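Heads up: the structure comes next, in structure tokens.
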Amino acid sequence: MARFVVDTGNLEMDKTTEMELQGEIQKLVLGHIARTGFEKPWVTKFPRDWYGIILHPELDPLLEREKQMGNMLARLG
């Protein structure tokens with residue numbers, strides 16, 4: 001499955017707008033995944049340290065992926 005990142009770090013937004021954008025992106029992604037009808041259930045994770053969503057068929061690799069993405073974002077920020 002492809003990885004998509006949307007970096008809005010350089011856009012001036014108030015907290016309400018940030019939260020609305022986060023919710024809309026997560027809703028779009030979850031809705032699309034639900035419509036595809038994957039046979040195997042997906043673990044869904046909303047990271048605490050950065051806005052986003054991680055989907056993976058298994059929990060342990062998902063937690064490792066969150067750590068990797070957090071490290072990558074820290075290097076970019």
Among trypsin sites (Lys or Arg not before Pro) in the range 1-38, those in a DSSP loop whose Cβ has at most 10 other Cβ atoms within 10 Å are 3
For residue 40, counting only lysines whose alpha-carbon sits under 30 Å away and dropping same-chain residues fewer than eight positions off, the answer is 27, 67
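All of the numbers you see were taken from the coordinates with simple rules; none came from a lab. This is a predicted model, so every value here is computed, not measured. Positions of Cβ are generated from backbone atoms using ideal geometry, with glycine treated the same way; all protein chains shown enter the neighbour counts.
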